Every structure is written in C-alpha cells, then in structure tokens.
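Colleague: This structure is in structure tokens; I'll ask about it shortly.
The values are calculated or read from the model by the stated rules, or taken from the named source; none is laboratory data. As the structure is a prediction and not an experimental result, all values here were calculated from the model. Every residue, glycine among them, receives a Cβ derived from its backbone with ideal geometry; neighbour counts consider all protein chains shown. Each accessible area value is taken on the protein alone, full model and side chains, heavy atoms only, with ligands, DNA and RNA left out. Shrake-Rupley method; radii C 1.70, N 1.55, O 1.52, S 1.80 Å.
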Amino acid sequence: MPKFYITTPIYYVNGLPHIGHAYTTLAADTIARFRRLKGDEVLFVTGTDENSQKNFEAAAQKGETDLKKYLDEMSGRWRETWDELDITNDDFVRTTEERHIETVLAFFDKVNKRGDIYKGVYEGLYCDGCEAFLTDKDLIEGKCQFHLKEPRKISEENYFFRLTNYRGALLKHIEENPNFIRPEKRKSEVINYINTLNDISISRPNLKCGIPFPLDKTHGIYVWFDALINYLTAVGYGRDEEMYKKWWPADIHLMAKDILKFHAVIWPAMLLSANLPLPKTVYAHGFFTINGEKMSKSIGNVLDPVELAKIYPLDAIRYFLLREIKFGEDGDFSLVHLKEHYNNDLANDFGNLLHRTLSMTEQYCGGVVPEHSGEAEGLDPLCEIDVWKDYETAMNDYHFDEAIGTIWQLVQESNKLIEKEKPWQLVKENSKRLNDVLYNLLETLRQISWLLLPLMPETSEKIWTQLGLDVAQEKANSLEQAQVWGGLKSGNKISKGEPIFPKII
Ligand code: MSP
C-alpha cells in the first residue's frame, strides 16, 4: 500500500490557535483525507513547539511560575481545538516529550560526529518574534517584516552549525528536484537566501527553558534546531528503526511562507549533515489578513476558529478557506465574504439542489430512488461529465479552489437541468423521463458526496444519510467502487432531513 507522511508546523503555545493556524491544519487535513481516499496509508502529524522563550515569557506574563503546568495546559488546549475542528491527525508531537528529546539527542550526535558543530561568537541581530537571527536583508525599514519590530543587537558566545558546508548540495537538490520547493514562485527567494547564508548559531546561553546543549550544559539547544527535528520524532528516529524506515522521508511539510527558509534550507542542511534523506516537498502557502489587516492581538482582530464554528458549520469554514483563498497565494478573510459565500454557494446553489431533489423524490416517487431506463439523452453533462479526472489533478497539485470549482460545475449543471426538465411537469406527462431525470440527479449527488469527502467530510456523510445510504458501509467503500456511475440503487429509501446549510441572515 502506498504511504504518505504529511506534517504541519508545530505551533508555539504562547497563545491559542487562531484562524491562521487552523488554515494550515485544515489544508493538511484535507490532503491527508484525500490520500486516504486514494487508498494510501497516511501518517498526519501536528504538534506544539514548547522549548521556546516565547512560551516562557507568556507563562511569566500570566503569573504562572510552573512552566510545565503552563505547557501541559496550553498544549492540551491546542489538541482539543484540533479535535473540535475534526482534524484527523494521527499523532501530536510535543517537544517537551521524552521521545522527542531522545530523537533530538540521537540526531545531534550524528551532526556533531560529522564535525558540523563548532564554538564561536555571534554578533548581529535577533528577532524575538521569529526567534531567529536576522540580517539586514530580512528587514523592511529596519524592522522584522513579520513582527514589525526592530531586532535586538546581540553579541554572545554560541555553538554554530556549519550551514555553509551544504550550500552547493542544497542548490543542486533544488535544481534536480522540481517538486522540492512549492509553489514554484517561492524558489527564487530560497535560492537567494542560500547564496548569501552564513553558519547559524544553534545554542542559546542562559538556558531558561529547552533541551540542554549536549556539549555545554549552560546552553540550551536553539529552539528551531530542536523544533524541526519533531518531524523525525514522529517517525521514531533514533528509537524505532522499523518505523523510521517505513515513513521517512516525509512526503510534504506544509507551512506558510513566514517559515519557509527554516524548512527549505536549514532543515534540509541538517538532514544532509546527518546523512538522512530530504523531505519530498516543502510547501509554503500564503499569509492571509483579516479585512485587509494583519491579524494581531493589538488590533483585536484575531479570529478564533472554534468560536467561528459555533456560527457556521465546520464545512462552511473549510469551503470558504479552501475555495476563496487560492492555496499558495496570499489572501484576505472577511466575515462579510464568508456570509455571502455561505448563503450563495452553500445555502442556495448546493443546499437547494440537494433539498429540491430529495423533496421531488419524496413527492413524486414515494421517497424511493426511482427505477431508471439508463437512457442519458439530454441528461448529460451529469452522467457523462468526467469531473473526477480534473478533480484528481487539482487535488494532487493542492489546487483546492479548482477542485471545488469542478464540483460546483456539477452543482450548477444539475440546477440547470432541473430548470430545463421541469420535473413538476414531467410528473403529469412523462413518468419515464421523470424517473430518469430524478435518478440522474440523485446519483450525481452521490458522486458529489464522494468528491467532497476530503474537503467537506461532514457534508458527505449528511448526503449519504439523506440518500438513504449506510454511512458505515459507505466509509468502507473503495474509491474505485464509489466512482462508478450507478452506485445508487433504485428502490433505496431516501431520508430527506433538514437543509444542511440553512440560510444565515
Ligand atoms: N513554532 C514555529 C514552527 C516550527 S515548525 C518546526 C512557528 N509557530 S507559529 O505558531 O508561529 O506558527 C506559524 C504558522 O502558523 C505559519 O507558518 C502558518 O502555517 C500558520 N499561520 C499563522 N498565521 C497565519 C496567517 N495569517 N495566514 C496563513 N497562515 C498562518 O512558526
């Protein structure tokens, strides 16, 4: 069985998840569900980045002196959020876990034995927000472009990693593996960075939190060096050789563009140093604003996905994020647009199609999927349209908006067909045609339920229930089976429920 290993960043726990974090995690969840649908064995991992000065400061700010208690509580809240959002991650890595520390030490040992760690003095700029050393090139008007703050000037004795040793190998890898950095347009910024990079400091003096530096216990391992290794922790590196061999390298590391250089340069160089294979793809999606403004606590526009899910069905949020923000591009999120798209696309276009078709089946066919002649004349493009090919191409390429677009084409064609065929007249004049029309509409809805499965999983299950299909049985179905036109059997009792997406005023 093909395998697929996908990761999200592990998030800092100095705050709770907002819609930006949820975006990456929902996208990863969609990919994981799609690969499962295709029959792959999937390992989908997320987690929390806990050995960070930021977390330490957040705990102190809350007056919490027991750091472990703070981290346990906050990490727990992140885990709960993903559960509430029905995220299907298979593992959740915490960087304070014993298994992670073991993996980090095993990895560190390899890099050290390779001769890639040395002691030196770091003099330069440091952004506390990024927890990273910056150069002038990273600044806009003297400030960090992501945190809009001037970095601090520091001078300290540190241990360094010989990143410069891997410059050539990294450039060669990028050139030879066109899928390594995606989307394509992100490549040039990575290449520019590689061309000018220096060795990086991987220890922090005055350890308040974090994993003690193996060569000098007065230092801690730099948080990014430790955090990136979480991707190996989840596959048992240094602890479970069989598991490691099964899952590594990762198929895709997903993140936003803010942390691409860590994933596309520093992490691969660390792996090269430890003589381990590189992830197949590092995918950096865009950043989105809220009503045109950066999300920030001070502006007060931080959106909590769990609160949002109390107003809109989860699938509506998934739909909006995945369709309206082109994956890979920057975008904007606004509640006004969410509501508009919810009412137009989901309540109207899709909801009406489902509800009308089921109502007519109840009214004209006694609530039973009608017999049909198999004649499709005039009923295409429904049964002849091949959305699956376009859909799979789009999904394989992470073009979620296009995948949803192909499904909505089907929704629109179906609605047009109802208007054209007018079942309310056919019932008086031509029952054979009526049955064919309704069968085609119902079977199209079944096809749509499968197309939607990775994107809007709750909706798929609701459609199955309303079509009178057994949810457990459907779940056990293979995609090959499900894709065959005609899977919905005549005589099946439908079960029209309430509209899935009631209008929101
Ligand atoms: N802890 C590091 C990651 C270590 S991974 C080895 C970190 N954490 S973070 O909590 O700051 O998360 C950053 C990530 O959150 C982004 O890369 C992105 O995945 C997600 N996003 C946060 N805000 C976002 C937007 N406004 N828009 C899109 N993604 C957003 O960095």
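Colleague: Kindly check whether there is at least one residue in the range 3-15 that is of a type in the set (S, T, N, Q), under 26 Å from P205 (Cα atoms), open to solvent by less than 20 Å² (accessible area, probe 1.4 Å) and within 10 Å of the ligand (Cβ to nearest atom).
Modeller: No, that holds for no residue.
Colleague: Applying the selection to the range 225-238, what residues are touching a strand residue (DSSP E or B) at 6+ places or on another chain (Cβ under 7 Å) and within 9 Å of the ligand (Cβ to nearest atom)?
Modeller: A227, N230, Y231
Colleague: Moving on to the next point. Out of the range 446-463, which residues are assigned to a helix (DSSP H, G or I) and touching a Lys or Arg at 6+ places or on another chain (Cβ under 8 Å)?
Modeller: Going through the range 446-463, the residues assigned to a helix (DSSP H, G or I) turn out to be 446-452, 457-463.
Listed by number, the residues that qualify are P457, I463.
Colleague: Pull out all pairs, ordered by first then second residue, where Cβ-Cβ is under 6 Å, the residues are six or more apart or on different chains, the first lies in the range 421-436 and is among the basic types (K, R), and the second is in a helix (DSSP H, G or I) and surrounded by 16 or more Cβ atoms within 10 Å (Cβ to Cβ).
Modeller: Pairs found: R433/L426.
Colleague: Here is a follow-up. Considering only the range 385-400, state which residues are surrounded by 15 or more Cβ atoms within 10 Å (Cβ to Cβ) and of a type in the set (D, E).
Modeller: Matches in the range 385-400: D390, E392.
Colleague: So R356 ticks every box in (1) modelled with pLDDT of 95 or more; (2) touching a helix residue (DSSP H, G or I) at 6+ places or on another chain (Cβ under 6 Å) but one. Which box is left unticked?
Modeller: Tallying (1) modelled with pLDDT of 95 or more; (2) touching a helix residue (DSSP H, G or I) at 6+ places or on another chain (Cβ under 6 Å), R356 fails exactly one: (2).
Colleague: Can you find even one residue in the range 65-87 that is surrounded by 20 or more Cβ atoms within 10 Å (Cβ to Cβ), under 30 Å from I317 (Cα atoms), modelled with pLDDT of 95 or more and among the charged types (D, E, K, R)?
Modeller: No, every residue in the range 65-87 fails to be surrounded by 20 or more Cβ atoms within 10 Å (Cβ to Cβ), under 30 Å from I317 (Cα atoms), modelled with pLDDT of 95 or more and among the charged types (D, E, K, R).
Colleague: Next up: From the set of residues in the range 32-60 that are in contact with a Phe, Trp or Tyr (Cβ under 7 Å, 6 or more places away or on another chain) and outside any strand (DSSP E or B), which is nearest to D86 (Cα to Cα)?
Modeller: The qualifying residue nearest to D86 (Cα to Cα) is A32.
Colleague: Give me the residue from the range 240-258 that is over 15 Å from the mean Cα position of the chain (by Cα) and either within 16 Å of the ligand (Cβ to nearest atom) or in contact (Cβ under 8 Å) with a residue 24 or more places away in the chain (or both) and, out of that set, surrounded by the most Cβ atoms within 10 Å (Cβ to Cβ). Before you say what the answer is, go through the steps one by one.
Modeller: Initial filter on the range 240-258 (over 15 Å from the mean Cα position of the chain (by Cα)): 240-249, 258.
When the remaining residues are screened for being either within 16 Å of the ligand (Cβ to nearest atom) or in contact (Cβ under 8 Å) with a residue 24 or more places away in the chain (or both), the result is 246-249, 258.
On the way: K246: 14, W247: 22, W248: 18, P249: 16, D258: 15.
If we take residues in the range 240-258 being over 15 Å from the mean Cα position of the chain (by Cα) and either within 16 Å of the ligand (Cβ to nearest atom) or in contact (Cβ under 8 Å) with a residue 24 or more places away in the chain (or both), then W247 is surrounded by the most Cβ atoms within 10 Å (Cβ to Cβ).
Colleague: Which of (1) surrounded by fewer than 20 Cβ atoms within 10 Å (Cβ to Cβ); (2) touching a Gly at 6+ places or on another chain (Cβ under 6 Å) is the odd one out, the single condition E189 does not satisfy?
Modeller: Result: E189 fails condition (2) only.
Colleague: Between a residue in the range 8-21 that is within 20 Å of I290 (Cβ to Cβ) and free of Cβ contacts under 8 Å to residues at least 60 places away in the same chain and any residue that is of a type in the set (D, E) and within 6 Å of the ligand (Cβ to nearest atom), which pairs come within a Cβ distance under 8 Å, given they are 6 or more apart or on different chains?
Modeller: Note: pairs meeting the criteria are Y12/D49.
Colleague: Further question on the same structure: Just to be sure before I move on: is L453 aliphatic (A, V, I, L, M) and within 14 Å of P370 (Cα to Cα) in the structure I sent?
Modeller: Working: aliphatic (A, V, I, L, M): yes; within 14 Å of P370 (Cα to Cα): no.
When the stated conditions are applied, L453 does not pass them.
Colleague: When only residues in the range 150-172 that are over 15 Å from Y118 (Cβ atoms) and aliphatic (A, V, I, L, M) count, which is least open to solvent (accessible area, probe 1.4 Å)?
Modeller: L170
Colleague: Where the second residue is open to solvent by less than 20 Å² (accessible area, probe 1.4 Å) and the first is among the small types (G, A, S) and lies in the range 462-486, which pairs have Cβ atoms under 7 Å and are six or more apart or on separate chains?
Modeller: Here the result reads G468/I494; A482/W450; G486/E443, each pair linking the range 462-486 to a residue that is open to solvent by less than 20 Å² (accessible area, probe 1.4 Å).
Colleague: Determine if the range 195-210 includes at least one residue that is over 21 Å from I117 (Cα atoms), out of contact with any Lys or Arg (no Cβ under 9 Å at 6 or more places or on another chain) and open to solvent by 40 Å² or more (accessible area, probe 1.4 Å).
Modeller: So far as the range 195-210 goes, yes, one or more of its residues are over 21 Å from I117 (Cα atoms), out of contact with any Lys or Arg (no Cβ under 9 Å at 6 or more places or on another chain) and open to solvent by 40 Å² or more (accessible area, probe 1.4 Å).
Colleague: Considering only residues that are out of contact with any helix residue (DSSP H, G or I) (no Cβ under 7 Å at 6 or more places or on another chain) and open to solvent by less than 20 Å² (accessible area, probe 1.4 Å), which ones fall in the range 28-39? Walk me through how you get there before you give the answer.
Modeller: In the first step, residues of the range 28-39 are kept if they are out of contact with any helix residue (DSSP H, G or I) (no Cβ under 7 Å at 6 or more places or on another chain); the result is 28-29, 31-32, 35-36.
Correct list: A28, D29, I31, A32.
Colleague: Right, next: How about the range 307-330: which of its residues are farther than 22 Å from R182 by Cα and surrounded by fewer than 21 Cβ atoms within 10 Å (Cβ to Cβ)?
Modeller: Correct list: E307, L308, A309, K310, I311, Y312, P313, L314.
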